[in-house]
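The values are calculated or read from the model by the stated rules, or taken from the named source; none is laboratory data. On a predicted model such as this, the values are computed, not experimentally measured, just so you know. Note that each Cβ is placed from the backbone with ideal geometry, even for glycine, and that neighbours are counted across all protein chains shown. Keep in mind that these areas ignore ligands, DNA and RNA; they rest on the heavy atoms of the full protein, side chains included. Shrake-Rupley method; radii C 1.70, N 1.55, O 1.52, S 1.80 Å.
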Amino acid sequence: MGVNKYDFGGVATMYGVRCADGLTIHKGAFHDCDGMKVPLVWNHQHNDVNNVLGHAILEDRGDHIYAHCKLNNTKAGMAARDILQNHDLTALSIYANGLSKKGTNVMHGTIREVSLVLAGANPGDD
């Protein structure tokens with residue numbers, strides 16, 4: 001990934017950690033999403049184009065999915081850039097569908113968006 005190609009990056013979700021929703025994402029559950037480009041939105045509000053802040057390129061790093069994020073030069077994208085530069089928000093989260101589960105373990109799925117959120121679902125997220 002090139003220097004300055006992205007505005008910021010961070011852990012989108014962790015493998016093997018019980019999330020706030022009670023689900024645990026099994027290691028490799030989102031491996032098929034490695035290299036995928038998905039929308040970056042505000043707080044999982046993917047029903048309005050005005051909530052799109054930019055996009056994220058997903059990278060499976062073995063124990064987590066990392067998101068390389070690029071912000072748009074829209075009003076929402078520029079506001080997000082200011083918020084991030086001021087360290088007002090520091091957490092990312094994912095929305096996924098097509099989930100296959102074994103009990104409370106997510107074995108496979110497809111990440112559809114990464115969100116900039118107030119608080120992440122993984123323990124230790126801000």
* **Mean residue ellipticity (222 nm) of the chain, computed from DSSP H runs ≥ 4 via -39,500 (n - 2.57), nearest 500** => -2500 deg cm²/dmol
* Structure fact -> Quick calc: nm separation of the 7 Å Cα→Cβ label points for residue 78 and residue 5 -> 2.7
* Solvent-accessible heavy-atom area per residue, rounded to whole Å², over the chain at 1.4 Å -> 55
* **Cut-off 14 Å (backbone N to label point 7 Å along Cα→Cβ of residue 102), residues of region 14-33** => 16, 24-29
* Asked: Sorted from largest down, what three extents in whole angstroms do the Cα atoms of region 1-46 have along their principal axes?
  -> 35, 25, 16
